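Shown next, in structure tokens, is the structure this report addresses.
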Amino acid sequence: MRAVRLLLFVVGAAATAYGGWLLLPQFDTALPWLIGGPVLHDVLVAPLVGLVGLVLGRLVTNRLRRAWITAGLLASATLLLIAVPLLWRPPSAPANPGLPDRDYPLGLTVGLAVLWAAIVIVLVAATTVDRRVASRRTDSQ
């Protein structure tokens, strides 16, 4: 088992060194991305996510509703993260018919609208069911 781990370590270190060697000629353009991403995450994204979680925990007391809202926020963040490269600048690759001619801002807006409409429908249905169950309990007593 020790030999297998050592072999995997050597292969991983060699692959990392080779990747670094390939990155070396592009280091001046890659450096802002290598440093900027973690700094942007630590300065902006992580505190924002923590603040939203804190506010969500205070405002939404029902665990089921909080779970659906959290899932919606995570799905929204994923959609936004995927859309950033497409919204940031036009594609740098040659045109591929059917891909770059899409309206990405509209697609992102529609995707987010459908996502949140589904979450609102689920939350309204859950609230309706909760109220009916509560009224049946008070009627039976």
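The values are calculated or read from the model by the stated rules, or taken from the named source; none is laboratory data. From a predicted model like this one, the values you see are computed outputs, not experimental measurements. All Cβ positions, even for glycine, are placed from backbone atoms using ideal geometry, and neighbour counts span all protein chains on display.
Screening LEU22 with (1) loosely packed, with under 10 Cβ neighbours inside 10 Å; (2) of a type in the set (A, V, I, L, M, F, W, C); (3) modelled with pLDDT under 85 gives one miss only, at (3).
Of note, THR109 satisfies the criterion of being surrounded by 10 or more Cβ atoms within 10 Å (Cβ to Cβ), at pLDDT 80 or above and farther than 24 Å from GLY37 by Cα.
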